[in-house]
Structure formats: structure tokens, C-alpha cells
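Asks: Would you mind keeping the following structure in view while I ask a few things?
The values are calculated or read from the model by the stated rules, or taken from the named source; none is laboratory data. The shown structure was predicted, so the numbers you read here are calculated from the model rather than taken from an experiment. Cβ coordinates were reconstructed from backbone atoms using ideal geometry, including for glycine residues, and neighbour counts include every protein chain displayed.
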Amino acid sequence: MGTALALELNRAGYRVSEIIFRRGSASRRAAGELGGKLRAHVSSNSETRLDADLVWFCVADREIAGVARDLVPPALWKGKLAFHSSGALSSDELDVLRQHGAAVASMHPLMTFVRGSIPSLKNVSFAVEGDAAATRLARRIARDLGGEAFPIRKRDKVLYHAWGAFASPLLVALLVSAEQVGRATGLSAAQARKRILPIVRQTIANYSALGAAKAFSGPLVRGDAEIVRKHLKGLRGLPLLEDVYRSLAKAAITFLPVGNRRTLSRTLK
């Protein structure tokens, strides 16, 4: 996330003046590569200049408060702004900086970040909460990146983050579950992935263009309980995947238009 944000901020006209690494050769090397691309100063957290107006923390959730404490000298923070990008945690993780004069916010892009892929942040939504001065800047940055900021209450952040989990990492978990069922038919993992991608892409396209109800297809829509029984019978040798199927089918008959709902509900018990 830190790499993607820095590159996108640079593209949008912001000057990234310093990249701070904490420890280890891998962190140093990654900071050096990114600093070279951005012509930014690279420093450890014990040697940092911290001369920017905004300091953006892109570290694991469990480390945000500790890193903030490591950078706490009050003369550096009065009048500054500080963001972190945790989806689940509030701006209060930076409270130690707030106590020393900084305005703080959490600003989380609703996007997936994995090694080997740097996504654009155009059209991405950013969940924002925190101090007034910091959230004003966060909204401006989101616009400049081509995205859109929306307010999130502190108490809603965990549920917001779970929402994002359904949209990406748990979606990948569903896809790998489908892959495993494909392997049970005799395909390799690569073959299963290749052959399922066209239907996955079209399903996402339909969901985007038509919404969930009109993108929904298959035996549940038709109310074909006998086919659902056959699916469950075929999955008996794959009990974990049978559980996944049952859970998703129960969600479908709760939230989506299906035929023969009562019989399907009995079938899935």
C-alpha cells in the first residue's frame, strides 16, 4: 500500500520528500528503490528529518501506535498532519501525535494491495475519519488521486473492514474453493483457474452493470432443489467445500431472488 500511495501521490503532483524505513535489509532495500523512483530522501526512523507537512503511516495495524510513539518528539509535530491507512483501526492509534500538536486521521483506500501489482487509485473510495483539519486534507487528496472520500464513524470501522474482506480476500478464498472443486474433477489448479476465469469475469461484469439480483443465475434461481441435492452429494468427499457451498447457498436464498425457497431451505439444512 505504501508504495502504491507514494507513486500515486507523486503522479497527482504531491512531492514525497522522505521515505522512512524501520528495520531490516528488506525494508531498507524497498525504501531505497521507492526513494530512487521519487527522488525522495531515504532514512531510518531514528534518523528521519520529518520535515513534511503530512506524515503518512503505512505499517501493519498492530504497529501503528508503536511507530507513532517512536517518532514522538513534540517539537516535530506541532501543526503537522498525520494519517494512517488501517481499514479496521481509528485515528486514535495516532493519539500520541495528537497530544503533541498534530491533527490526525485514518484514510483507508477500499482497494487490494499485493506484491507484484500496483493498482491505480482512480475511482477508488477512501474511508476517512479523524480531526477536522486532517480530514479536510484527506478529502482533497482523494479528489486529486481521482478517487472519492467518504466519512466513516470510528465505531463502524471494524465492520467496514469486514465489508472489504468480503469484497477481496474472502472473494479470493471463494475462487480458490472453486478451484479445489475443479481439481476434484481431474483438472490441475492452473487448468481450473484458466477455465473458470471467463465465467468469473462475466459474473463481475453482470454484477457491475445489472446489480446482484439480475446477475444471479443457476439452480437456486430456478428453485431446482434436486440439482442442489446432487451438488451436496457430490461434495460429500470435500466436507470443507460442502460447508462453503451450504453457507453461500443459504446467503443466496436470504438475499437474492430464488424459486422454491422453502424446499431449498430444507435441502440446505
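Asks: Look through region 47-72, keep the residues that are without any contact (Cβ under 8 Å) to a residue 12 or more places away in the chain and part of a loop (DSSP other than H, G, I, E, B), and return whichever of them is nearest to residue 160 (Cα to Cα). So that I can check it myself, show each step before the final result.
Replies: Filtering region 47-72 for residues without any contact (Cβ under 8 Å) to a residue 12 or more places away in the chain gives 47, 60, 62-63, 66.
Okay, now just the ones that are also part of a loop (DSSP other than H, G, I, E, B), so 47, 60.
Values: 47: 36, 60: 17 Å.
Here the residue is 60.
Asks: Next up: Going residue by residue through region 134-151, is there one that turns out to be of a type in the set (Val, Ile, Thr) and assigned by TED's automatic domain parsing to the domain that holds residue 80?
Replies: Within region 134-151 (the criterion being of a type in the set (Val, Ile, Thr) and assigned by TED's automatic domain parsing to the domain that holds residue 80), the answer is yes, since at least one residue qualifies.
Asks: For region 126-136, does any single residue satisfy the condition of being exposed (fewer than 14 other Cβ atoms within 10 Å of the Cβ) and within 17 Å of the chain's Cα centre (by Cα)?
Replies: No, region 126-136 has no match at all.
Asks: Determine, yes or no, whether residue 141 is among the hydrophobic types (A, V, I, L, M, F, W, C), under 20 Å from the mean Cα position of the chain (by Cα) and within 17 Å of residue 7 (Cα to Cα).
Replies: The answer is yes for residue 141.
Asks: What are the pairs with Cβ atoms under 7 angstrom where one residue, in region 221-236, is at positive phi and the other, located anywhere, is part of a helix (DSSP H, G or I)? Sequence gap at least six, or different chains.
Replies: As it stands, the answer is 223/264, since those pairs meet every condition given.
Asks: With respect to residue 26, is the statement that it is assigned by TED's automatic domain parsing to the domain that holds residue 121, at pLDDT 95 or above and surrounded by fewer than 17 Cβ atoms within 10 Å (Cβ to Cβ) true?
Replies: When the stated conditions are applied, residue 26 does not pass them.
Asks: Among the numbered criteria (1) surrounded by fewer than 16 Cβ atoms within 10 Å (Cβ to Cβ); (2) farther than 19 Å from residue 104 by Cα, which one does residue 53 miss?
Replies: (2)
Asks: Surrounded by 13 or more Cβ atoms within 10 Å (Cβ to Cβ) and either of a type in the set (S, T, N, Q) or not assigned by TED's automatic domain parsing to the domain that holds residue 110 (or both): is that true of residue 190 in this structure?
Replies: no
Asks: Could you give me the residue pairs with C-beta distances under 6 Å whose first residue belongs to region 147-165 and is without any contact (Cβ under 8 Å) to a residue 60 or more places away in the chain and within 21 Å of residue 8 (Cα to Cα), whose second residue is in a strand (DSSP E or B) and of a type in the set (A, V, I, L, M, F, W, C) wherever it lies, and which are 6+ apart or on separate chains?
Replies: From residues that are without any contact (Cβ under 8 Å) to a residue 60 or more places away in the chain and within 21 Å of residue 8 (Cα to Cα), the pairs are 147/126; 149/126; 149/128.
Asks: Here is a follow-up. Looking for something surrounded by 14 or more Cβ atoms within 10 Å (Cβ to Cβ), closer than 30 Å to residue 262 by Cβ and touching a residue at least 60 places away in the same chain (Cβ under 8 Å) - is there at least one such residue anywhere in region 197-215?
Replies: No, there is no match, as no residue in region 197-215 is surrounded by 14 or more Cβ atoms within 10 Å (Cβ to Cβ), closer than 30 Å to residue 262 by Cβ and touching a residue at least 60 places away in the same chain (Cβ under 8 Å).
Asks: Also: Give the number of residues within region 166-190 that are within 30 Å of residue 128 (Cβ to Cβ) and either in contact (Cβ under 8 Å) with a residue 60 or more places away in the chain or of a type in the set (Asp, Glu) (or both).
Replies: 1
Asks: When you scan region 200-249 for helices (runs of 4 or more DSSP H) that lie fully inside it, which ones turn up with 1 or more residues that are among the hydroxyl-bearing types (Ser, Thr, Tyr)? Don't jump to the end; show me each part of the working.
Replies: Details: elements: 212-215, 219-222, 225-234.
The helices (runs of 4 or more DSSP H) meeting that bar number zero.
Asks: Here is a follow-up. Only one of these conditions is not met by residue 123: (1) under 21 Å from the mean Cα position of the chain (by Cα); (2) under 21 Å from residue 154 (Cβ atoms). Which number is it?
Replies: It fails just one condition, (2).
Asks: Here is a follow-up. For region 88-99, state whether one or more residues are modelled with pLDDT of 95 or more, among the basic types (Lys, Arg) and either not in a strand (DSSP E or B) or not assigned by TED's automatic domain parsing to the domain that holds residue 132 (or both).
Replies: yes
Asks: Return yes or no: is residue 213 out of contact with any Lys or Arg (no Cβ under 9 Å at 6 or more places or on another chain) and of a type in the set (Gly, Ala, Ser)?
Replies: So residue 213 fits the description; yes.
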